[in-house]
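In what follows, a single structure is set out as structure tokens and then discussed.
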Amino acid sequence: MKILVGIKRVVDYNVKVRVKADQSGVDLTNVKMSMNPFCEIAVEEAVRLKEKGIATEIVAVSIGPKTAQEQLRTAMALGADRGILVETDEPLGSLAVAKILAKVAAEEQPQILMMGKQSIDTDNNQTTQMLAALTGYAQGTFASELTVAGDKATVKREIDGGLQTVELKLPAVISADLRLNEPRYAKLPDIMKAKKKPLDTKTPADYGVDTASKVKTLKVEPPAERAAGIKVGSVEELVNKLKNEAKVV
Amino acid sequence: MDFNLTEEQQMLQDMLSRLVRDHYSFEKRMSHYASQEGYSTAFWQQLAEQGLTGVPIDEAYGGFGGGGVENMLLMKELGRGLCLEPVLASQIFAAGLLQQLGNKEQKEKILPLVASGELKLAAALTETNSHYSLQHVACRARQQGDTWFLSGQKSVVVGGASADLLLVSARTAGEQGDPEGISLFLVEPWAKGVTRNAYPCIDGPRACDLLLDEVMVGRGGVLGKPGQVFTTLQYQQERAAAAACAEALGSMEEAFTLTLDYLKTRQQFGQPIGKFQALQHRMADMRGELELATSMTLLAASLADHPPSDERSRKLAASRFIITRAARFIAEQAIQLHGGIGMTWEYALAHHAKRLVMLSHHLGDEDTHLQRFADLLKAS
Amino acid sequence: MYFELTPEDEAFKNEVRGFLAEALPEDIASKVRLGKHLGKEDHQRWQQILAKKGWYAANWPQDYGGPGWSVVQKHIFEEEAAAAGAPRLVSFGVNMVAPVIMQFGTQEQKDYYLPRILSGEDWWCQGYSEPGAGSDLAAVKTRAVREGDFYVVDGQKTWTTLGQYANKIFCLVRTDPQAKPQQGITFLLIDMDSPGVSIRPILTLDGEHEVNEVFFDSVRVPVANRVGEENKGWTCAKYLLTHERTGQAGVGISKAALAHLKQVAGREMKNGKPLIEDPLFRLRLAEVEIQLLAVEISTLRILAAVEGGGAPGAESSILKIKGSEIRQAISQLLRQALGANALPFLQDQIDPDFTGEYRYTDYAAAAASQYFNLRKLSIYGGSNEVQKNIIAKMILEL
Ligand SMILES: Cc1cc2nc3c(=O)[nH]c(=O)nc-3n(C[C@H](O)[C@H](O)[C@H](O)COP(=O)(O)OP(=O)(O)OC[C@H]3O[C@@H](n4cnc5c(N)ncnc54)[C@H](O)[C@@H]3O)c2cc1C
Ligand SMILES: Cc1cc2nc3c(=O)[nH]c(=O)nc-3n(C[C@H](O)[C@H](O)[C@H](O)COP(=O)(O)OP(=O)(O)OC[C@H]3O[C@@H](n4cnc5c(N)ncnc54)[C@H](O)[C@@H]3O)c2cc1C
């Protein structure tokens, strides 16, 4: 069984981002970039399926600038067998990404398309859903548990009201939620091996996808600054403050 | 000229920084400090599983064959986390000595165990009266047939408390200060005649003193040519010192960040204390020192594995000088800028400060490095 | 990661060395080494030699007649030129006003001024500082009032370096006294020969005539001499300052000065032995040399970042501080190396064209003067305190 994992290069989650002076976006110069944490969980899940003998090949795909190679190599150090970079310097909207992934899927014919539930930079949470619509595959979003047997995948989903379990007929698109697993650290020997794994570079044009977006970002603003915290002396004081000052209870 | 990391080096750094961040919070560090071993055996195990204990060891012996830059990445992240595991002492310094001086048999027997983290080494080179000098060796080894008998003392062997095998320098010829006549021996800490007194150091790691009383070492325990190891000891100490620069740099960066954050949070006189120019300028000075320290750590990493030369030694001494000075400056300023909080045991900053200051009491201090640079000063 | 030059850069370095060995006049190099002030003629002679080779305007884009060097090549050239004893270029024209004209000037201004800078026809000086506007540059008060096609300028500039040689001055003038300080300033190019411009020397503490006061009394300046829009001069000023600040670490100059210091220390005697063998002095030498090495590596790191497409940030402020401190430290050691021989203040022997017999040695004559002169390094170009303010604000966000 082949698994295709979509991964995105985003600002590292430890970085305190800064909005550009012209409010056109976040300043990315000299900022540490990493794999989107949810994508990492998706990679981990694919690798576990391979270790269980269920998957036979893992292909990591990233759509982004040339430097997204670094994230593909990381995926390969974690256990992906090869990588595909669809290179583009413009930031793409979810739909364009979903269209490209659908084309890659058509070419690669995976049984499972593993995705992160959302990327921490744009928080869109829709590529998976769009991809399912475009490919016609079954979808299991916000997976917190995944079992694959035969041509079926069982997904436990985290929803507001609790946990929902669904069964999907493969091929399917599945998006990883935070509690699906705890990603491993790449091991040094695997980091070395990743260098030798194959990495193909394509462009959106190779897939005949029009990447023009219908959405325009008008401006980006930093969140309101949080006021300094205070120390309370006792539980009574805390409750009192929550009641009378914060008025939350 | 290229200061970029390769993709692999970048991944190594990412992995390390995450590993340390996830597993080495300050609270955990303090419980490791208080534990029986004085460090985390679980974290050591994890380092081994990730292949990190093999970073500096040749591929032929199951390591990764990393050089100065990889050692730098490793130590910098461990320094940032104030990690207590004896990576520098064992994997870089002592294993480096073994790698360079050991014969095929010794290396094949020992190094794979070191690379896999199963066996820890420590180099016992200094003595109470040697003051950072590797050639002031009073400990003696006397030969009888194929056997050597070691007697004397070694002091403040960092990493020695947890070591499974010690590399001990002893004089086999010549007088106390001679560079000639120094030999290196493999000594098991539990061998007859060895007394090991372990204790914690003020900056966290454990060390030990050794008393050697007619300790027997067979032919297989002699490292390198008897009487002729001094230059190698010096060379490897310089390599270890280059890695120590990186450890200090990681800790400096963390101390700097903690202080900067504090300046933005702490309010006095109705405003964040970071608004006071007196403190801003100190902080700018610290940033300047950090910049130079970063440059010299990179230089040291790039030179560490070069063949021995005066030029290499000179520049490594320069690096160490800049880093020890910067480390102390940043430590002292960071405490000062924190006010009373900087004085407390329960806050990470104080422990960074201690580590930063005390790193200069190990592998040579400011004066040692300045003197060495001056000795090698080029006349034009 | 590696610190070595690429083979191409190595070849370039040799080319530069070869050129300097051949083209740099020894009399000029000797004055530089001895720490003497150069005359106008010396500067112009060297500029002409460089211009002929096409290397004078090293920072200019090729379209304007620059050599098209990479940042690393520029750095190599500066190092080698300093090592050979070439004078530091007087940068007001070629490296200060020229970039501003290229960036903000009209086509006519570019066509007129740039070739004249390249040929050495114009000597520019910088009219920023005023008695009431030093570090706080936005406090300039020199007034320019629009009258038809002219501005009428009244006021005073000060500390104008080598203004006595200049035929042009670029000035920050106030055109809108009501606006916020930064918003009412205009950047003007003024002819020093215009009626109403007068100049008075200021002697610096070393007895030299290096700076001046320049007075403007109803000076009529064509509006065509304005660079950029009216009241937008602060943008030009800031742009220029970023150009002024890069390269201020002066690594090349410090290396040359250190080499000179070592030579002197090899000749001066203490306790019957060359001073360089004195353990204490040697440690002091070692310490500055180490600091210099650290600044050099830091400079290279910034260069590499710029070459890779980054912009030199407030890091150059760090290098300005460290670099100036090192240059001052070297001049201090040189003065110290001479012992009591540094005391005599014999102005004829300090004169750049002195050809007689020196009282002690040629290198002793100007050493103390130069030490005092170099105190300026931490004052001008944004004082070191102002640099720390920049670091606190830009890097540390305090
Ligand atoms: C070992 C020890 C024993 C002590 N014993 C006692 C005791 O017995 N009784 C008691 O009452 N107190 C005691 N103190 C408290 C001591 O007086 C305070 O630590 C001191 O007043 C500084 O206050 P702070 O620690 O809150 O630092 P802060 O006031 O927060 O200062 C933090 C930093 O900001 C600087 N700073 C603050 N304001 C300015 C400003 N306006 N301009 C420039 N810089 C500024 C400070 O110099 C410092 O570097 C003790 C402190 C220590 C460390
Ligand atoms: C030799 C020499 C040549 C020069 N050549 C020229 C030239 O050609 N053209 C030109 O326009 N100017 C020139 N200058 C002027 C130079 O730019 C100014 O001297 C400089 O900007 C400092 O201004 P100031 O002398 O008025 O000192 P001030 O601004 O009065 O500074 C006095 C002291 O206060 C400190 N200070 C000021 N503000 C702050 C602050 N906010 N925070 C902390 N400390 C502060 C300063 O660092 C300094 O130590 C030259 C100066 C010298 C010495």
* Structure fact -> Using the Kirkwood radius over Cα pairs of segment C:7-89, the Stokes-Einstein translational diffusion coefficient at 37 °C and 0.692 mPa s, in µm²/s and rounded to a whole number, is 249
* Once B and C are treated as a pair rather than alone, how much accessible area drops out, both sides summed, in Å² to 100, probe 1.4 Å? -> 4000
* Tell me, what ³J(HN,Hα) does each residue in segment C:94-99 have, in order and in whole Hz, if you take phi through Karplus 6.51 cos²θ - 1.76 cosθ + 1.60 with θ = phi - 60° and put x for Gly and Pro? -> 5, 10, 10, 6, 4, x
* Contact order normalised by residue count of chain C, Cα under 8 Å, 6+ apart, percent -> 15
* Are there residues in segment C:316-333 whose accessible area shrinks by at least 20 Å² when all protein chains are included rather than the chain by itself, and which are they (probe 1.4 Å, ligands and nucleic acids not counted)? -> C:Ile318, C:Lys322
* To do: Determine the principal axes of the Cα atoms in segment B:73-152, then give the extent along each, sorted from largest to smallest and rounded to whole angstroms.
  => 46, 34, 18
* What whole number of Å gives the distance from the Cα centroid of segment A:54-106 to the Cα centroid of segment C:34-102? -> 49
* Report the label-to-label distance for C:Ala224 and C:Tyr360 in nanometres (one decimal), using points 7 Å from each Cα along the Cα→Cβ vector. => 5.7
* R0 of 35 Å, Cβ-Cβ distance A:Glu57-A:Arg226: FRET efficiency to nearest 0.05 -> 0.15
* To do: Can you check how the C-alpha radius of gyration of segment C:99-231 compares to 2.2 N^0.38 Å, as a plain ratio?
  => 1.03
* Structure fact -> In whole Å, largest first, the alpha carbons of chain C cover along the principal axes 74, 51, 48
* Structure fact -> Working note, segment C:183-319: Cα radius of gyration (Å, one decimal) and Dmax (Å, whole number) are 22.8, 68
* Rh by Kirkwood over Cα pairs, then Stokes-Einstein D for chain A at 1.306 mPa s and 10 °C, µm²/s -> 81
* segment B:2-52: Rg/Rh from Cα coordinates, Kirkwood Rh? -> 1.10
* Tilt relative to chain C, helix C:279-307 - C-alpha long axis, 0 to 90 degrees, to 10 -> 40
* Structure fact -> Taking a ≥ b ≥ c as the square roots of the eigenvalues of the Cα gyration tensor, with a/c under 1.5 meaning rounded and otherwise prolate when a/b exceeds b/c and oblate if not, segment B:122-227 is oblate
* Asked: For C:Leu5 and B:Gln45, what is the calculated FRET efficiency with R₀ set at 41 Å and r taken between the beta-carbons, to the nearest 0.05?
  -> 0.40
* Structure fact -> Expressed in angstrom and rounded, the centroid-to-centroid distance over alpha carbons for segment A:166-191 and segment B:298-376 is 43
* Take peptide B:14-21, look around each residue's Cβ out to 10 angstrom, count Cβ atoms belonging to other protein chains, and average those counts. => 4
* Asked: Taking the Cβ of B:Gly54 as the center, what net charge do the other residues with Cβ under 12 Å away carry, scoring Lys and Arg +1 and Asp and Glu -1?
  -> -4
* With no solvent and one equal point scatterer placed on each C-alpha of segment C:248-394, evaluate the Debye formula and give log10 I(q)/I(0) for q = 0.09 Å⁻¹, two decimals. => -0.35
* Could you pull out every residue, at least 5 positions away or on a different chain, whose amide H is within less than 5 Å of the one on A:Ile84? Hs are placed 1.01 Å off N in the peptide plane, and Pro or chain starts have none. => A:Ala60, A:Val61, A:Ser62, A:Asp200
* Report the chymotrypsin sites (Phe, Trp or Tyr not before Pro) located in segment B:172-241 that are in a DSSP loop and have at most 14 other Cβ atoms inside 10 Å of their Cβ, or state none. => B:Trp190
* Tell me, in nm to one decimal, what length is gained between B:Gln144 and B:Phe269 on full extension, where the rule is 0.36 nm per residue of separation less the Cα-Cα distance? -> 37.5 nm
* Asked: Roughly how tilted is helix B:277-303, in degrees to the nearest 10 and between 0 and 90, from the longest Cα axis of chain B?
  -> 30
* Just tell me which lysines come within less than 29 Å, Cα to Cα, of A:Lys156; anything on the same chain fewer than 8 places away is out. => A:Lys2, A:Lys8, A:Lys50, A:Lys52, A:Lys99, A:Lys103, A:Lys117, A:Lys169
* Structure fact -> Partner shielding of C:298-310, as the mean number of partner chain Cβ atoms within 10 Å, equals 3
* Listed peptides B:66-74, A:146-154 by packing density, highest first (mean Cβ within 10 Å) -> B:66-74, A:146-154
* Structure fact -> Expressed in angstrom and rounded, the centroid-to-centroid distance over alpha carbons for segment B:78-118 and segment B:158-199 is 16
* Structure fact -> Taking a crude spin-label model, label points 7 Å out from Cα along the C-beta direction, the B:Asp178 to C:Ser135 distance in nm is 6.2
* To do: On the protein heavy atoms, probe 1.4 angstrom, tell me the percent of accessible surface of the protein assembly as shown carried by carbon and sulfur.
  => 51
* Structure fact -> Amide H contacts under 5 Å for A:Val31, restricted to residues at least 5 apart in sequence or on another chain and with H modeled in the peptide plane, are none
* Asked: Given that compact globular proteins tend to follow 2.2 N^0.38 Å, what is the ratio of the alpha-carbon Rg of segment B:169-235 to that value?
  -> 1.28
* To do: First measure r as the distance between the Cβ atoms of B:Leu377 and C:Val145, then evaluate 1/(1 + (r/R0)^6) with R0 = 60 Å and state the FRET efficiency to the nearest 0.05.
  => 0.45
* Structure fact -> Probe 1.4 Å, all chains present, heavy atoms only: C:Lys393 accessible area in Å², nearest 10, is 140
* May I ask you to work out the translational diffusion coefficient for segment A:1-81 at 25 °C, viscosity 0.890 mPa s, via Stokes-Einstein with Rh from the Kirkwood sum over Cα pairs, reported in whole µm²/s? => 180
* To do: Can you sort A:Met1, A:Met115 by 1.4 Å-probe accessible area, starting with the largest?
  => A:Met1, A:Met115
* To do: Give me the orientation-averaged projected area of the Cα convex hull of segment B:231-379, in nm², one decimal.
  => 9.5
* **Ranked by how many other beta carbons lie within 10 Å on average, peptides A:2-9, A:94-101, A:193-200 from highest** => A:2-9, A:94-101, A:193-200
* GNM on chain B, C-alpha springs below 10 Å: top fluctuator among B:Ala60, B:Ala163, B:Ala173? -> B:Ala60
* Percentage of Cα-Cα pair distances in chain B greater than 27 Å, rounded to whole percent? -> 48
* **For A:Lys20, residues with placed amide H under 5 Å, excluding near neighbours** => A:Gly25, A:Val26, A:Asp27
* Asked: With every protein chain in place, what's the accessible area of C:Phe187 (1.4 Å probe, Å², nearest 10)?
  -> 0
* Treating only the Cβ atoms of Lys and Arg (+1) and Asp and Glu (-1) as charged, compute the dipole magnitude of segment B:231-379 about its Cα centre; round to the nearest 20 debye. => 240
* To do: Determine the dipole magnitude for the protein assembly as shown: charges of +1 sit on the beta-carbon of Lys and Arg, -1 on that of Asp and Glu, nothing else is charged, the reference point is the Cα centre, and the result goes in debye to the nearest 20.
  => 1300
* **Loop sites in segment C:63-171: GluC sites (Glu not before Pro), DSSP, at most 14 other Cβ within 10 Å** => C:Glu121
* Asked: Rank A:Lys214, A:Lys156 by accessible area, highest first, at a 1.4 Å probe radius?
  -> A:Lys214, A:Lys156
* Solvent exposure of segment C:7-89 as accessible area per residue, Å², 1.4 Å probe -> 47
* Asked: If one takes the longest principal axis of the Cα atoms in chain C, at what angle in degrees, from 0 to 90 and to the nearest 10, does the Cα axis of helix C:71-84 lie?
  -> 50
* Structure fact -> Output field shielding_mean for B:264-277 (other chain Cβ, 10 Å radius) holds 2
* To do: Counting only heavy atoms of the protein chains, get the accessible area per residue of segment C:140-242 (1.4 Å probe) and round it to a whole Å² value.
  => 45
* Once a ≥ b ≥ c are taken as the square roots of the eigenvalues of the Cα gyration tensor of the protein assembly as shown, is the result rounded (a/c under 1.5), prolate (a/b larger than b/c) or oblate (a/b not larger than b/c)? -> oblate
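The values are calculated or read from the model by the stated rules, or taken from the named source; none is laboratory data. Note that the structure is a prediction, hence the values are computed from the model and not measured. FYI the Cβ positions are ideal-geometry reconstructions off the backbone, even for glycines, and counts take in every protein chain you see. Heavy atoms of the whole protein, side chains included, go into the accessibility calculation; ligands, DNA and RNA do not. Shrake-Rupley method; radii C 1.70, N 1.55, O 1.52, S 1.80 Å.
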